[in-house]
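*Asks:* The structure is given below, and queries will be raised subsequently.
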Amino acid sequence: MRRIAHLSDVHILDGRAGRKARYRFATKLVSMGQRALDPRQRTRRLARALALAKANGADHFVISGDLTEVGEDAEFEQFAEVLHDAGLPEDSVTIVPGNHDAYTSADGWARAIRGPLARFAAASAAVAGKIVERGSVAFLPIDTTRFQSIAWSAGVFSKETTAAVERRLRDPAFRDKTMVLVLHHPPFHPVKALKWIDGLRGGADVLGLLARHPRLSLLHGHLHRIFNHIIATSSAVGAALGQAVLRPSGSRAGSPEGPTRLFGAPATCDGPDDAPRIRFYDVKDGALHAVDMPFQAA
Ligand SMILES: [Fe+2]
């Protein structure tokens with residue numbers, strides 16, 4: 001594998017004819033002030049981003065959650081339709097759900113991955129510890145969602161999930177792989193006051209995994225904009241104990257720093273139509289390297 005395309009926060013709406021005026025109050029509320037309640041615009045932006053990813057040589061596609069606006073079955077069906085129409089090889093798409101995908105029912109994602117998204121199930125989130133090997137890269141897609149009211153947008157990375165991921169990272173079978181954790185929620189929050197309602201419970205454990213395993217990188221969404229972070233550890237002992245200090249990449253001008261290990265993608269549903277919001281990473285020397293814009297138009 002050479003190039004990974006990273007999309008996130010697609011927020012597909014149910015666009016069936018005549019449905020628009022009848023959106024549930026919850027659907028209107030979560031879109032309000034954030035993005036237009038325009039189902040065609042959302043599907044168009046996803047289709048364009050996928051076409052751009054293909055045109056630019058991506059051989060794996062990661063979509064890091066908030067696939068739908070409120071996790072209704074019809075929204076998942078329409079998300080799946082756009083993916084099918086994009087003509088991607090079925091084992092080249094890694095999808096994880098986000099908090100929006102769990103606003104309607106506790107098992108919306110499970111139903112979708114058995115139903116309309118079944119073609120993409122092989123490389124997508126299921127049980128914690130699932131590993132998806134693609135050449136020199138091994139993806140660990142994790143579902144961080146919980147069924148909650150739209151007043152909340154937090155996620156959870158449980159102790160069991162940490163242990164399952166740790167086992168994979170210690171497994172000699174994957175010793176030579178570039179390991180990539182895929183989560184919707186990042187293990188930090190840029191606004192401290194929002195950490196409890198919008199952050200990731202267990203985020204410190206995720207940082208611990210990153211500190212202990214230098215071959216591990218993380219792709220996330222949720223914040224709707226680009227983030228790049230390095231993991232700094234004060235000492236080898238600190239690293240062994242999983243004591244991590246997270247720092248924005250390039251925040252210490254002039255001083256040496258490690259490679260970017262956490263990558264946040266912008267929201268595919270935001271911004272102008274003609275500038276798809278997507279990131280690319282090239283896999284080189286066992287690590288991910290973000291590729292800068294501009295990209296070749298699709
Ligand atoms: Fe989102």
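*Asks:* Looking at this structure, is VAL82 surrounded by 23 or more Cβ atoms within 10 Å (Cβ to Cβ) and either in contact with a helix residue (DSSP H, G or I) (Cβ under 7 Å, 6 or more places away or on another chain) or free of Cβ contacts under 8 Å to residues at least 12 places away in the same chain (or both)? Give the steps one after another, and end with the answer.
*Replies:* Details: surrounded by 23 or more Cβ atoms within 10 Å (Cβ to Cβ): no; either in contact with a helix residue (DSSP H, G or I) (Cβ under 7 Å, 6 or more places away or on another chain) or free of Cβ contacts under 8 Å to residues at least 12 places away in the same chain (or both): yes.
Criteria not met by VAL82.
*Asks:* Right, another one. Looking only at the stretch 179-205, how many residues end up being farther than 11 Å from LEU140 by Cβ, under 17 Å from the mean Cα position of the chain (by Cα) and of a type in the set (A, V, I, L, M)?
*Replies:* Matching residues across the stretch 179-205 total 1.
*Asks:* Counting only residues that are within 16 Å of the ligand (Cβ to nearest atom), give me the strands (runs of 3 or more DSSP E) lying completely in the stretch 87-164 with at least 2 of them. Show your work before the answer.
*Replies:* On the way: elements: 93-96, 132-134, 137-141.
Of the strands (runs of 3 or more DSSP E) lying wholly inside the stretch 87-164, those with at least 2 residues that are within 16 Å of the ligand (Cβ to nearest atom) span 93-96.
*Asks:* Find the strands (runs of 3 or more DSSP E) located wholly in the stretch 189-250 whose residues include 2 or more that are within 18 Å of ALA290 (Cβ to Cβ) and at pLDDT below 95, and list them.
*Replies:* Values: elements: 216-220, 227-232, 245-248.
Correct list: 227-232, 245-248.
*Asks:* Does ARG167 count as among the basic types (Lys, Arg) and more than 16 Å from the ligand (Cβ to nearest atom)? I'd like the intermediate steps shown before the answer.
*Replies:* Working: among the basic types (Lys, Arg): yes; more than 16 Å from the ligand (Cβ to nearest atom): yes.
Yes, satisfied.
*Asks:* If you don't mind, there's one more thing I want to ask. Looking at the stretch 62-72, can you tell me whether even one residue there is away from the ligand (no atom under 16 Å from the Cβ) and free of Cβ contacts under 8 Å to residues at least 60 places away in the same chain?
*Replies:* The answer is no, given that none of the residues of the stretch 62-72 is away from the ligand (no atom under 16 Å from the Cβ) and free of Cβ contacts under 8 Å to residues at least 60 places away in the same chain.
*Asks:* For residues that are in contact with a Leu (Cβ under 6 Å, 6 or more places away or on another chain) and among the hydrophobic types (A, V, I, L, M, F, W, C), tally how many sit in the stretch 30-60.
*Replies:* We begin by selecting, within the stretch 30-60, every residue in contact with a Leu (Cβ under 6 Å, 6 or more places away or on another chain); these are 31, 39, 42, 49.
Narrowing the set further to residues that are among the hydrophobic types (A, V, I, L, M, F, W, C) leaves 49.
Total meeting the criteria: 1.
*Asks:* Give the residues of the stretch 168-190 that are within 24 Å of MET1 (Cα to Cα) and either open to solvent by 20 Å² or more (accessible area, probe 1.4 Å) or of a type in the set (Val, Ile, Thr) (or both), sorted by residue number.
*Replies:* Step one: list which residues in the stretch 168-190 are within 24 Å of MET1 (Cα to Cα), which gives 168-184.
Within the stretch 168-190, ARG168, ARG170, ASP171, PRO172, ALA173, ARG175, ASP176, LYS177, THR178, VAL180, VAL182 qualify.
*Asks:* Going residue by residue through the stretch 27-37, is there one that turns out to be surrounded by 15 or more Cβ atoms within 10 Å (Cβ to Cβ), farther than 23 Å from GLY108 by Cβ and not aromatic (Phe, Trp, Tyr)?
*Replies:* Within the stretch 27-37 (the criterion being surrounded by 15 or more Cβ atoms within 10 Å (Cβ to Cβ), farther than 23 Å from GLY108 by Cβ and not aromatic (Phe, Trp, Tyr)), the answer is no, since none of the residues qualifies.
*Asks:* If you scan the stretch 1-36, which residues turn out to be of a type in the set (A, V, I, L, M), within 15 Å of the ligand (Cβ to nearest atom) and part of a loop (DSSP other than H, G, I, E, B)?
*Replies:* Of the stretch 1-36, the ones of a type in the set (A, V, I, L, M) are 1, 4-5, 7, 10, 12-13, 17, 21, 26, 29-30, 32, 36.
Those left that are additionally within 15 Å of the ligand (Cβ to nearest atom): 7, 10, 12-13, 26, 29-30, 32, 36.
Of everything in the stretch 1-36, those that are of a type in the set (A, V, I, L, M), within 15 Å of the ligand (Cβ to nearest atom) and part of a loop (DSSP other than H, G, I, E, B) turn out to be VAL10, LEU13, MET32, ALA36.
*Asks:* Do any residues in the stretch 211-235 that are within 18 Å of ILE142 (Cβ to Cβ) have Cβ atoms under 7 Å from those of residues that are polar (S, T, N, Q) and within 16 Å of the ligand (Cβ to nearest atom), where the two are at least six apart or on different chains, and which pairs are they?
*Replies:* Correct list of pairs: LEU219/SER64; HIS220/SER64; GLY221/SER8; GLY221/SER64.
The values are calculated or read from the model by the stated rules, or taken from the named source; none is laboratory data. All of these numbers come straight from a predicted model, not from anything done at the bench. Using ideal geometry, Cβ is built from the backbone for each residue, glycine included, and neighbour counts are taken over all protein chains shown. Heads up: the accessible areas ignore ligands, DNA and RNA and are worked out on the full protein's heavy atoms, side chains in. Shrake-Rupley method; radii C 1.70, N 1.55, O 1.52, S 1.80 Å.
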